[in-house]
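The values are calculated or read from the model by the stated rules, or taken from the named source; none is laboratory data. The shown structure was predicted, so the numbers you read here are calculated from the model rather than taken from an experiment. For neighbour counting, all protein chains shown are included, and Cβ atoms are generated from backbone atoms with ideal geometry for every residue, glycine included. The protein model used for the area step is the full one, side chains on, heavy atoms only, and it has no ligands, DNA or RNA in it. Shrake-Rupley method; radii C 1.70, N 1.55, O 1.52, S 1.80 Å.
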Amino acid sequence: MNGRFRASQQAWFRASRRCHFTAMGLGVCLMLVGCSSPGQDSLQDWITAQRAQVRLDTTPIAPLKTFTPQPYQEGSGPDPFSSQRLTQALRAVQDATSALVRPEQNRPRQALEAYPLDAMSLVGSLVRDGRPVALVRIDQIVHTVRVGAYLGQNYGRVVRITENQLVLREIVQDASGQWTERLATLQLREGSP
């Protein structure tokens, strides 16, 4: 008895699946018939007419300039591949730019220099003893910061505090390895909790 019931269940399942696929095929056919309406021919004619009206005005590309390589003659000038000249040039650049960062490396680090600037947010400012003080939040802790304090990992020194921003002077290395100064700001976030 149980085997008959299972066989009839399987037969019913196969029949319902056939009906389902037939209905889906019929639906797809009806959609395709609906897409090929007689109005589509007039649309195609309009597209063809619009394409015929457009005139493209293109200027030809100028021919490429030919490059004639020049042979290197060893005795005509200084050796451009000299490692000694390269070392001297790099040393001169490092000496000039290291004067900017040397005082920063020799001073003791402050606690807020351990955090990157993007982990900080300015949540307010106030005036204490006639001097502006910024309120900076790091990891849900609010710190007070005055002008002259150091923030961030790029030797950032606070140079100005206003009602809605804190301005830092940072010393960073550019792509060529030179140390340069740049200004960074922390803006007051509206509605910050």
**Residue within the stretch 107-115 that is of a type in the set (Ser, Thr, Tyr), in a helix (DSSP H, G or I) and under 30 Å from the mean Cα position of the chain (by Cα) present** = no
**Asked** Looking at (1) without any contact (Cβ under 8 Å) to a residue 40 or more places away in the chain; (2) within 13 Å of Thr185 (Cα to Cα), which is the only condition Asp129 fails?
**Response** (2)
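Mind listing just one residue for me: the one in the stretch 141-151 that is farther than 30 Å from Arg91 by Cβ, open to solvent by less than 70 Å² (accessible area, probe 1.4 Å) and in contact (Cβ under 8 Å) with a residue 12 or more places away in the chain and, of those, nearest to the chain's Cα centre (by Cα)?
If we filter the stretch 141-151 for residues that are farther than 30 Å from Arg91 by Cβ, which is where we start, we get 141-149, 151.
Right, trim to open to solvent by less than 70 Å² (accessible area, probe 1.4 Å) and you get 143, 145, 147-149, 151.
The next check asks that each one be in contact (Cβ under 8 Å) with a residue 12 or more places away in the chain; those that pass are 143, 145, 147, 149, 151.
Values: His143: 29, Val145: 30, Val147: 31, Ala149: 30, Leu151: 24 Å.
That would be Leu151.
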**Message:** Is it the case, given these coordinates, that Leu135 is assigned to a helix (DSSP H, G or I) and surrounded by 15 or more Cβ atoms within 10 Å (Cβ to Cβ)?
**Reply:** no
**Message:** Which condition from (1) in contact with a Leu (Cβ under 9 Å, 6 or more places away or on another chain); (2) free of Cβ contacts under 8 Å to residues at least 40 places away in the same chain; (3) under 30 Å from Trp179 (Cα atoms) is the one that Ser121 breaks?
**Reply:** (2)
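For every residue, the table says whether it meets (1) open to solvent by less than 30 Å² (accessible area, probe 1.4 Å); (2) under 22 Å from Pro108 (Cβ atoms); (3) assigned to a strand (DSSP E or B); (4) among the small types (Gly, Ala, Ser).
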position: Gln153; (1), (2), (3), (4): no, yes, no, no
position: Val158; (1), (2), (3), (4): yes, yes, yes, no
position: Glu163; (1), (2), (3), (4): no, no, no, no
position: Val167; (1), (2), (3), (4): yes, no, yes, no
position: Glu170; (1), (2), (3), (4): yes, yes, yes, no
position: Ala175; (1), (2), (3), (4): no, no, no, yes
position: Arg182; (1), (2), (3), (4): no, no, yes, no
position: Leu186; (1), (2), (3), (4): yes, no, yes, no
position: Glu190; (1), (2), (3), (4): no, no, no, no
